[in-house]
Amino acid sequence: MSRPPVRVALVGCGAIAELGHAPAILALPDDAVVSAVVDLAPARRDLLGEALSIVPSRRYGTVDALLADDEPVDLAVVVLPPERTPVVVERLLRGGVRVLCEKPMSIGADEAARLAGLAPRDRLGLVHNYLHRSDVRQAMQHLRTAELGRIRFLRLEQADSGHFPGAGVSPHWRRHNTGGGCLTDNAYHWVYVARELTGSPVVQVTARLARPDATSAVDIAMVLLDHENGALTSVQTAWCAPRAQRVLEVHAEHGSLRLEGDCGPCEVFPAAGPTQAQPVEPSYTGLYREVLAAVRAGEPFAAPADTCVDVLAVLQAAELSARQGRTVPVVPAGAA
């Protein structure tokens, strides 16, 4: 007997909820249905409520209102700025609801570690959607074999003309100092991708950061990661480079990989034999395909919460390195 669709509450109706999460769930109608939306802004919750065919009585202004309703929810998807995320995630977990949380769960590693300790692995998962990109998945397939040999150097460098434009109560929160800037918004992704591709944790960091003025968030981040296995990763992100060229490369002893973007290929040099085809679908759709199957089976889903803690510890080391002008070790959460 087939299991019923997962009943999803979308907590946060900003731009990424509208453009990433909602279309991905709609693409999987047999697996999930959005049964409720939550947002402080009436216009935003009505916009997504209409798009997702949610009755007005299931469009809530607060999480407390959602939890007070007798209608069951199988999974709450939290899509909020990181400064607002911790209290909402905790409230949902204590209310007995599984939570899929957009990255990061918080600005700091210690707070993320506290949240991770509130729930078992099958109750809390993180959206690390870059791991579901077709080019990243193909790269991981190649690196799981011995064809390329030991990984030496990764270039994960993608500068943009500006930040991802938000919507709702605070559309430009990424530009605020509390938002973390491009270090938290963009470099975060490449840190967990580097960890996955190298198969090795980051042990020390050297970084330079810049911001347009004293009151704004970081808009240039140049970060060098030293992995435990000796590999080096160069991560570069920026919000001030309208003509920049993306460079996403993996260099190993016997060859190189070049990643061509979401829904794109991973090219191999020198050319190797055929690789297993990866689904050509947006990363959020691939993410939800796996998450919903796991939730329906009662199994752990998405990225473990501890991986968010690890990434935030690396980003905190980058901030310290930039302030002190030296290479600094990555300090685990709670060990400082």
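A short reminder: the numbers here are calculations on the coordinates, not readings from a lab. Everything numeric in this text was worked out from a predicted model, so none of it was measured. Here the Cβ positions follow ideal geometry from the backbone for every residue, glycine too, while neighbour counts run over all protein chains shown.
Could you give the length gained on full extension between E50 and V169, defined as 0.36 nm per residue of separation minus the Cα-Cα distance, in nm?
So the extension gain works out to 41.0 nm.
Tell me, what is the FRET efficiency for H254 and H176 to the nearest 0.05, using R0 = 45 angstrom and their Cβ-Cβ distance as r?
The value I calculate is 0.50.
What Rg and what Dmax come out for segment 99-192 when only alpha-carbon atoms are used, in angstroms?
16.4, 50
Quick check on segment 25-95: what does the Kirkwood estimate of hydrodynamic radius come out to from the alpha carbon pairs, in Å?
By the Kirkwood definition, the hydrodynamic radius is 12.9 Å.
Quick one: if you stick a label point 7 Å off each Cα along the C-beta vector at F269 and D69, how many nm between them?
Calculated label separation equals 5.3 nm.
What's the extension gain from V331 to F153 if we count 0.36 nm per residue and subtract their Cα-Cα distance?
Values: separation 178, 0.36 × 178 = 64.08 nm, distance 2.28 nm.
The V331-F153 span can extend by a further 61.8 nm.
What value in Å³ per residue do you get for the convex hull of the alpha-carbon atoms in the chain? Don't jump to the answer; show the numbers that get you there.
Numbers: hull volume 46.8 nm³, N = 336.
Per-residue hull volume (Cα only) is 139 Å³.
Angle check, please: helix 42-51 long axis (alpha carbons) against the longest principal axis of the chain (alpha carbons), in degrees 0 to 90, nearest 10.
90 degrees
Going by how many other beta carbons lie within 10 Å of each one, how would you line up S161, S283, S234, fewest first?
Fewest-to-most Cβ neighbours within 10 Å comes out as S161, S234, S283.
Assuming a ≥ b ≥ c are the square roots of the Cα gyration tensor eigenvalues, decide whether segment 220-336 counts as rounded (a/c under 1.5), prolate (otherwise, with a/b larger than b/c) or oblate. If you can, show how the numbers build up before the last one.
Numbers: a/c = 1.78, a/b = 1.18, b/c = 1.51.
Taking the square roots of the gyration eigenvalues as a ≥ b ≥ c, segment 220-336 is oblate.
Can you give me the distance in nm between label points at S216 and E290, each placed 7 Å from the Cα along the Cα-to-Cβ direction?
3.6 nm
Between S57 and A146, with labels modelled 7 Å along Cα→Cβ, what's the label distance in nm to one decimal, could you check?
Spacing of the two 7 Å Cα→Cβ label points: 6.5 nm.
Over 16 Å apart: what share of the alpha carbon pairs of segment 291-336 falls there, rounded to a whole percent?
Details: 544 of 1035 pairs.
When every Cα pair of segment 291-336 is considered, 53 percent fall beyond 16 Å.
Which log10 I(q)/I(0) values, to two decimals, does segment 1-138 give at q = 0.09, 0.14 Å⁻¹ under the Debye formula with one point per Cα?
One equal scatterer on each Cα of segment 1-138 leads to -0.26, -0.63.
Among D69, D185, D226, which one shows the highest mean-square fluctuation when the chain is modelled as a Gaussian network with alpha-carbon springs under 10 Å?
Of the options given, D69 has the highest mean-square fluctuation.
Once you have the Cα-Cα distance between A297 and V203, take 0.36 nm times their residue separation minus that, and quote the gain in nm to one decimal.
Full extension of this stretch gives 30.3 nm more.
What is the projected area of the convex hull of the Cα atoms of segment 199-273, averaged over all directions, in nm²?
On the way: hull surface 29.0 nm².
About 7.3 nm², averaged over all directions.
Per residue Cα convex hull volume for segment 142-191, in cubic angstrom?
Value for segment 142-191: 118 Å³ per residue.
Using +1 at the C-beta of Lys and Arg and -1 at the C-beta of Asp and Glu, which of F269, P212, S35 has the Cα lying farthest in the positive direction of the dipole of the chain?
Ranked along the dipole, the leading option is P212.
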